[in-house]
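Structure first, commentary second.
The values are calculated or read from the model by the stated rules, or taken from the named source; none is laboratory data. This one's a predicted model, so the numbers in the text were calculated from it and none came from an experiment. So basically every Cβ, Gly included, is an ideal-geometry build from the backbone, and we count neighbours across all protein chains shown.
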């Protein structure tokens with residue numbers, strides 16, 4: 001693969017410009033002000049670090065804001081700011097281009113970008129590195145109340161929401177359809193966000209939808225509670241083939257009782273969300289990210305309950321190499337050198 005297109009100094013200047021000029025919501029302004037007040041110490045010029053999240057209505061953004069705030073408190077010269085973005089795919093692209101320092105993304109997007117395959121064919125970068133795990137996304141497969149479908153294999157000819165174009169959900173949807181013997185040519189593809197998918201399931205304008213998201217997900221609750229949608233299992237030989245072909249999927253369940261109509265644990269597959277950077281990120285920052293998740297998890301849990309599902313022991317199953325500063329990190333999440 002080619003040399004990443006960035007220089008260390010240029011990245012810092014770009015990150016500062018992106019961070020300070022992006023219009024802020026009330027939440028992002030609060031995080032930014034907290035970071036600035038925590039970074040007023042003496043000892044040298046401030047260092048600016050950007051953390052890519054997603055839209056303000058999802059899980060990435062509040063978690064990213066909380067993580068940026070905690071990192072700023074630990075580093076008197078570091079100014080860490082969570083940025084609103086289009087999600088995993090945009091985040092990885094901006095990491096590779098040098099426009100961003102750290103970001104959240106799903107394992108499938110990270111793996112494809114590192115190896116230069118699928119949507120990143122010919123455009124990957126082996127400079128990407130893992131900093132820490134986040135919570136897992138369970139694949140939710142839903143059908144509307146009038147559908148007779150019992151499996152993804154029954155989706156031929158149906159109107160199927162595969163997620164927003166270019167999203168991690170859309171990448172998973174394509175791979176899952178193929179595992180069940182279908183392609184986009186066999187279904188009527190609709191590119192809808194989670195909230196749009198929930199509304200479309202409720203009003204019958206789509207027959208099925210994929211959502212790669214942690215549980216309990218508001219859009220899934222809406223679809224099942226007010227729309228009467230059903231959640232289908234992802235199991236059997238096709239799901240086994242999916243996990244064998246793509247190493248970033250793992251067997252999982254949607255616990256019984258989480259959603260209406262799901263009385264017992266429902267088998268599915270999951271992809272883990274990760275914090276990533278490039279290999280040239282300051283080693284001290286790389287260690288600090290992991291240590292916030294180890295020692296200050298409660299601060300993230302107070303922002304979003306999904307942080308309770310973070311399992312630091314999965315570091316040994318990272319989809320790409322860890323940052324060099326984390327080599328030898330302990331199973332409980334302790335970073336070396338701290």
Inset, instruction - Identify all residues within the range 299-328 that are within 19 Å of residue 60 (Cβ to Cβ) and part of a helix (DSSP H, G or I); write none if there are none. - result: 299, 300, 301, 305, 306, 307, 308, 309, 312, 314
Inset, instruction - Run down 153, 149 and say which single residue is within 26 Å of residue 192 (Cα to Cα), in a helix (DSSP H, G or I) and over 20 Å from the mean Cα position of the chain (by Cα). - result: 153
Inset, instruction - Name the single residue, out of those in the range 215-242 being over 23 Å from residue 157 (Cβ atoms) and buried (at least 19 other Cβ atoms within 10 Å of the Cβ), that is farthest from the chain's Cα centre (by Cα). - result: 224
Inset, instruction - May I ask you to list the residues in the range 163-179 that are more than 13 Å from residue 140 (Cα to Cα), in a helix (DSSP H, G or I) and free of Cβ contacts under 8 Å to residues at least 60 places away in the same chain? - result: 174, 177, 178
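Residue-by-condition table, conditions (1) more than 18 Å from the chain's Cα centre (by Cα); (2) under 27 Å from residue 118 (Cβ atoms); (3) crowded, with 24+ Cβ neighbours inside 10 Å:
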residue	(1), (2), (3)
195	no, yes, no
205	yes, no, no
208	yes, yes, yes
245	yes, yes, no
250	no, yes, no
258	yes, no, no
262	yes, no, no
265	yes, no, no
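Of the residues that sit in the range 79-102 and are assigned to a loop (DSSP other than H, G, I, E, B) and crowded, with 24+ Cβ neighbours inside 10 Å, which one is nearest to the chain's Cα centre (by Cα)? Let's see the steps before the verdict.
Our first condition is that a residue be assigned to a loop (DSSP other than H, G, I, E, B); within the range 79-102, this holds for 84-87, 98-101.
Checking which are crowded, with 24+ Cβ neighbours inside 10 Å leaves us with 85, 87, 100-101.
Numbers: 85: 12, 87: 7, 100: 16, 101: 16 Å.
Across the range 79-102, the extreme among qualifying residues is 87.
Output the number of residues of the range 142-154 satisfying the condition of being surrounded by fewer than 24 Cβ atoms within 10 Å (Cβ to Cβ) and either in contact with a strand residue (DSSP E or B) (Cβ under 9 Å, 6 or more places away or on another chain) or within 12 Å of residue 211 (Cβ to Cβ) (or both).
Total meeting the criteria: 7.
Could you go through the range 313-321 and let me know if any residue there is over 20 Å from residue 107 (Cβ atoms), modelled with pLDDT of 95 or more and crowded, with 17+ Cβ neighbours inside 10 Å. Even if it seems obvious, please write down each step before you answer.
Initial filter on the range 313-321 (over 20 Å from residue 107 (Cβ atoms)): none.
No, because not a single residue in the range 313-321 is over 20 Å from residue 107 (Cβ atoms), modelled with pLDDT of 95 or more and crowded, with 17+ Cβ neighbours inside 10 Å.
Can you name every residue in the range 205-219 that is part of a helix (DSSP H, G or I) and in contact with a strand residue (DSSP E or B) (Cβ under 7 Å, 6 or more places away or on another chain)? I'd like the intermediate steps shown before the answer.
As a first pass, look at the range 205-219 and keep what is part of a helix (DSSP H, G or I): 218-219.
Within the range 205-219, just 219 meets the criteria.
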